[in-house]
Amino acid sequence: MRFGAFFLIALPIAAQHGRYVSESQHPAIGDPKAIAAGAKLYALSCPGCHGPDGSGGRGPNLVKRSLWHPLRDEAIFSAIRNGVPGTDMPPTKLPEDQTWNLVAFLHALIGPASENNVPGDAASGEQVFWGNKAGCSNCHSIRGKGGRMGPDLTNIGGSSPLAVIKESVLEPSKDLMFLGNEGATVTLKSGKIVKGVARNRDNYSLQMIDEGGELHLLSMADVNELKILDHSLMPGDYRQRLSQDELRDLLAYLSRQVARPKGTIRKANNS
Amino acid sequence: MTRFALTVLFVSACASAQVSFEDISKGPSEDWLTYAGSYPGWRYSPLRQITPSNAKLMSAKWVYRVPDARGLRMSPLVYKGVMYATNTNAVYAIDARSGRLVWQYRDVRAKGGGVNRGAAILGDRVYFTSSDNYLTALDRRSGALIFSRQFADVEKGTTSTSAPLIVKDKVIVGSAGGDSGMRGFIAALSAANGDEIWRTWTVPAKGEPGSETWSGFAEWGGGATWLSGTFDRETNTLYWTTGNPWPDFAGAPRLGDNLYTCSLLALDLDTGKWKWHFQFTPHDTHDWDAQSWPILLDMEFRGRMRKVVLHANRNGFFYVLDRITGEFLRGTQLIDKVTWASGIDDKGRPVLIPGKDPTPEGNWVCPSVKGATNWMGQSYNPMTGLLYVLTLEQCGMYNSSSQEPVPMKNFAGGGATEEGGQVLLRAIDPKTAKRAWEYPMTGAGRMWTGTVSTAGGVVFTGDDDGQMLALDAKTGKLLWHFNMSETLTASPITYAVDGKQYVAIASATAIFSFGLFEPAEPLTPPKVTLGK
């Protein structure tokens, strides 16, 4: 899933997953009041099966869907109202307006994290990100600062839903599509060793970015051995390394990272 | 331990190579660092591996298919073995030896389509502009976003298509959209953070000098600046061309010369202040933007060394101006068939032939709306002393309309069609304006390919049938051709990696890179272990 996100950093989530379609004109969609009301309803009866952030459990992950049929606001509405017959998904029989509140909430949950008011102290999260304990900025950059081996996070809040960001941080090796993100160790015929991420490779050439963020454009004719790792180069122990609060704040910080924050559109003085 | 190692590496990485103003000033080498290759705009490379005697051994090295591309107009950059290519709202970093993608940046949030002509590079940053007028800076190694700042409002009819020009600490950007009403400008933005340093409008506001040359419509008068310009280091001067007045084909609502459209502007780099201007086509009614390269050259002219600027114009004439003063020195016919003016007088004004404006029933005028030449990159080769210009011998029908012009409704005040015609690559001696040779092409008169020429004595260009060509720079003799099978609308470059020279050009949908033929080396695949 993250294959696309890595290269196409500015792609909105709808395009990334390719299966969430929203053409809905219903006024509840995007309405903060409806979303807040929907959040309450959701917390009341859905987390048991879909997880508090939609990341799944007994029921499917609503944010990173594995189902093929496209999910429209109308389809969410119908699933909530009528349930999915023959499965564990129960009908709610909620009134129409409350059902739309739930749809509005799910819509927001599936959308970019920046469009939701993700809880936590973003300022503390900033310190976690740039601090040594987490070391995120050794590998990741935001607005030109930080490391270059991992994906740029300047627009992570503007492009990914919270549940996806959270999973990337806590379980980097889970569900990882490696292409473009492969951790790799190369031994050249000269004896030189390069460690980093293989941004691209085939039988004839290899494009690597090393731990220091430098590019290596290699010909496979010069390579003695190439080892592709079975896990992400991103540390997998953040659940242990960071406290609950640090994690919450870090996610609040990441959720607010948007390449083009709203309200920065220039009104040129074109008299 | 790991973190310590990372920090050390990071520090050494920062100390590693960066593109400086000096590097760009030196002009092409193995690298190609600015759209036209060098500040004087020569598209000339000192590479000499490919010569008239071995060009017959050229072959395709790789092809990179640019996602979603339809009519690429982009001229790529190369730095340290990485090629930076653009398409609308997208940048691709490509391994320049293998054609494999290193990273890509796609800004799908950007509104609008249109073309993109290329990127710019400085320090460790690659810059490009989006169709909705954001200047975006990316890390050259990772494609990571450094900043993205908007410099103009789409709602005012302005879009952005040109490759930025980087000079010292400034990114110079232009404005497009002049065929549907807008007000053109050139702006200098900070390379550090995109802050605006200055902005110079190309059409005067009410009351400003030049505004008396508009009976109306000045506020939407066009004068777009959709091609990058050139730069004279000695005098710290930018040379930038401006586009047509709007409405394109309707002259009556905007009587007067319509300054400063269809002009060449000389601006101070630090302040954007006007040094001089020269208008090629006063009161243009044929959409003859002045967008073609202002080429800077020191040459002998009438027995005296002069600092000149050469300009092969869409209106059918080839100009030489003094680039310090803007003084008109010479204007001669660029193509054989020009029917709207009988020549250029000694002030530099066209001597009009009456009755050549667009009419409701259509008026047949030469050159056509595509112009005698256009924005395709010309090249000047100091070894041969020749300027290589793609020219189009074509006439066309110009229609006017009595509809009320409405800005941003894409109403150009009429229309134009063209028919037949022929593309010829012409080698012109700028001292005499005489043609040294010409290479006529077959085709439908649809191409917009430029040229690059080398110290090796070869001119590379594309033809009107989608073939890539190598010609002898001295004689125009055809040395080699390769069928790319698509209409060519981009200009080639040349670069080198590991001592091997390449020539690259974009077709409509892909980038091709060529070099001298080498037999394939047998490759024993290395040991690859997959952990997954």
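Taking only pairs six or more apart or across chains, which ones have beta-carbon atoms under 7 Å, a first residue in segment B:225-252 that is farther than 30 Å from B:Thr417 by Cβ, and a second residue that is part of a helix (DSSP H, G or I) and not aromatic (Phe, Trp, Tyr)? Hits for this filter: B:Arg233/B:Ser25.
Have a look at B:Leu138, B:Leu165 and point out the one that is closer than 16 Å to A:Ala259 by Cα and touching a residue at least 12 places away in the same chain (Cβ under 8 Å).
Details: B:Leu165 fails: closer than 16 Å to A:Ala259 by Cα.
After ruling out the rest, the residue left standing is B:Leu138.
Among the criteria (1) closer than 30 Å to B:Arg233 by Cα; (2) in contact (Cβ under 8 Å) with a residue 60 or more places away in the chain, the one B:Gly27 does not fulfil is (2). Taking the stated definitions as given, is A:Ile165 crowded, with 19+ Cβ neighbours inside 10 Å, closer than 25 Å to A:Asp210 by Cα, among the β-branched types (Val, Ile, Thr) and more than 14 Å from every other protein chain (Cβ to nearest Cβ)? Yes; evaluated as a whole, the condition is true for this residue. Return yes or no: is A:Leu170 surrounded by fewer than 22 Cβ atoms within 10 Å (Cβ to Cβ), away from every other protein chain (no Cβ under 14 Å) and among the aliphatic types (A, V, I, L, M)? Taking the combined requirement at face value, the residue satisfies it. Does segment B:165-179 contain any residue that is within 12 Å of another protein chain (Cβ to nearest Cβ), on the phi > 0 side of the Ramachandran plot, in contact with a Phe, Trp or Tyr (Cβ under 7 Å, 6 or more places away or on another chain) and of a type outside the set (Lys, Arg)? For segment B:165-179, residues within 12 Å of another protein chain (Cβ to nearest Cβ), on the phi > 0 side of the Ramachandran plot, in contact with a Phe, Trp or Tyr (Cβ under 7 Å, 6 or more places away or on another chain) and of a type outside the set (Lys, Arg): absent. If you go through segment A:75-104 and keep only what is touching a residue at least 24 places away in the same chain (Cβ under 8 Å), surrounded by fewer than 22 Cβ atoms within 10 Å (Cβ to Cβ) and of a type in the set (S, T, N, Q), you end up with A:Thr92, A:Gln98.
Determine which member of the set B:Met484, B:Met408 is more than 14 Å from chain A (Cβ to nearest Cβ) and either surrounded by fewer than 17 Cβ atoms within 10 Å (Cβ to Cβ) or under 25 Å from B:Gln394 (Cα atoms) (or both).
On the way: B:Met408 fails: more than 14 Å from chain A (Cβ to nearest Cβ).
That would be B:Met484, the only listed residue that is more than 14 Å from chain A (Cβ to nearest Cβ) and either surrounded by fewer than 17 Cβ atoms within 10 Å (Cβ to Cβ) or under 25 Å from B:Gln394 (Cα atoms) (or both).
Please verify whether B:Arg109 is basic (Lys, Arg), part of a loop (DSSP other than H, G, I, E, B) and in contact (Cβ under 8 Å) with a residue 24 or more places away in the chain, treating the condition exactly as stated. Criteria not met by B:Arg109. For residues in segment B:417-433 being β-branched (Val, Ile, Thr) and surrounded by 20 or more Cβ atoms within 10 Å (Cβ to Cβ), which is nearest to B:Phe301 (Cα to Cα)? Of everything passing the filter in segment B:417-433, B:Ile428 is nearest to B:Phe301 (Cα to Cα). The residue that is surrounded by the most Cβ atoms within 10 Å (Cβ to Cβ), among those in segment B:142-152 that are assigned to a loop (DSSP other than H, G, I, E, B) and more than 23 Å from the chain's Cα centre (by Cα), is B:Ala144.
Scanning segment B:74-101 for residues that are part of a strand (DSSP E or B) and facing chain A (nearest Cβ under 8 Å) yields a total of 3.
Any idea which of B:Met468, B:Met441 is surrounded by 22 or more Cβ atoms within 10 Å (Cβ to Cβ), within 23 Å of the chain's Cα centre (by Cα) and within 30 Å of B:Pro52 (Cβ to Cβ)?
Numbers: B:Met441 fails: surrounded by 22 or more Cβ atoms within 10 Å (Cβ to Cβ).
Of the residues listed, the single one that is surrounded by 22 or more Cβ atoms within 10 Å (Cβ to Cβ), within 23 Å of the chain's Cα centre (by Cα) and within 30 Å of B:Pro52 (Cβ to Cβ) is B:Met468.
Note on segment A:1-86: enclosed helices (runs of 4 or more DSSP H) holding 3 or more residues that are at pLDDT 80 or above are A:32-45, A:47-50, A:73-82. Taking into account only those residues within segment A:187-240 that are of a type outside the set (A, V, I, L, M, F, W, C), assigned to a strand (DSSP E or B) and more than 9 Å from chain B (Cβ to nearest Cβ), which is surrounded by the most Cβ atoms within 10 Å (Cβ to Cβ)? It comes out as A:Gly196.
I'd like the full set of residues that are at pLDDT below 95 and not acidic (Asp, Glu), limited to segment B:36-68. Break it down stepwise before answering.
We begin by selecting, within segment B:36-68, every residue at pLDDT below 95; these are B:67-68.
Result: B:Pro67, single match.
In segment A:241-261, of all residues being under 20 Å from the mean Cα position of the chain (by Cα) and within 14 Å of chain B (Cβ to nearest Cβ), the one that is modelled with the highest pLDDT corresponds to A:Gln257.
When restricted to residues that are assigned to a loop (DSSP other than H, G, I, E, B) and within 28 Å of B:Trp103 (Cα to Cα), segment A:133-152 contains 11.
Which one is nearest to the chain's Cα centre (by Cα), of the residues in segment B:102-124 that are more than 8 Å from chain A (Cβ to nearest Cβ) and among the charged types (D, E, K, R)? Restricting to residues being more than 8 Å from chain A (Cβ to nearest Cβ) and among the charged types (D, E, K, R), the top hit is B:Arg117.
The values are calculated or read from the model by the stated rules, or taken from the named source; none is laboratory data. Predicted model only: the values in this text are computed from it and were never measured. Neighbour counts are summed over all protein chains in view; Cβ atoms, including those assigned to glycine, are modelled from backbone coordinates with ideal geometry.
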